[in-house]
Amino acid sequence: MPLEQLIGIIIFFLFFVTPLLFFACCCIVGSLTESAHFKRLALAEQELSDVMVSDMRTLPPNWKASQAMFVCENVVIANDYLKSFLWRYRKIFGGPCYGFQKLLERARREATVRMVQRAKEHGANVVWNVRFDTVTLQRGYSDANGKHIPAGVEVCAYGTAFLIEN
């Protein structure tokens, strides 16, 4: 095989095949990590299913509540570079950014699980008037249009925990 052909093959693999393999590996690892987090959240939610969670403001009048306490938990979930890249690509053609929707869902569910765990540690069996505060974390640089690229999301879940006696 002539030297020019060998150099051409090496350049082809370095500049075309290697980035595609790297991109594929990033997609696989990111998907596996995200699905593992969703599975852990589902297990935690199932374990905490005996604690009632509601966004209603007032308790039903026939409930006898005691040991009221405020519970609050925060979670920060970072975005990966692949989702940021796909977000930029999606902005060109329009449409929903499903990667960021999943990111927000993971953060809300994780914050809720942590809040309910905290309430259960203190003996509560109901968390009422649950609210969420969400903050989008921005990177220090902007895209071509001057808009900041989201780096992650912080969610604060809070509510009032009670012990309801039957």
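The values are calculated or read from the model by the stated rules, or taken from the named source; none is laboratory data. As the structure is a prediction and not an experimental result, all values here were calculated from the model. Positions of Cβ are generated from backbone atoms using ideal geometry, with glycine treated the same way; all protein chains shown enter the neighbour counts.
Quick notes on this one:
- Look at the stretch 64-89: where a residue is free of Cβ contacts under 8 Å to residues at least 60 places away in the same chain and more than 30 Å from Val126 (Cα to Cα) and a partner is among the basic types (Lys, Arg) and surrounded by 14 or more Cβ atoms within 10 Å (Cβ to Cβ), sitting 6+ places away or on another chain with Cβ atoms under 9 Å, you get Lys83/Lys102.
- Residue that is modelled with pLDDT under 95, exposed (fewer than 11 other Cβ atoms within 10 Å of the Cβ) and aromatic (Phe, Trp, Tyr), where the choices are Phe23, Phe12, Phe16: Phe16
- Tally, over the stretch 91-141, of residues that are modelled with pLDDT under 90, farther than 12 Å from Val76 by Cα and either within 17 Å of the chain's Cα centre (by Cα) or assigned to a strand (DSSP E or B) (or both): 11
- Subset tally (residues that are over 18 Å from Leu103 (Cα atoms) and part of a helix (DSSP H, G or I)) for the stretch 45-77: 2
- Single residue of Val71, Val76 found to be surrounded by 13 or more Cβ atoms within 10 Å (Cβ to Cβ) and within 20 Å of Val51 (Cα to Cα): Val71
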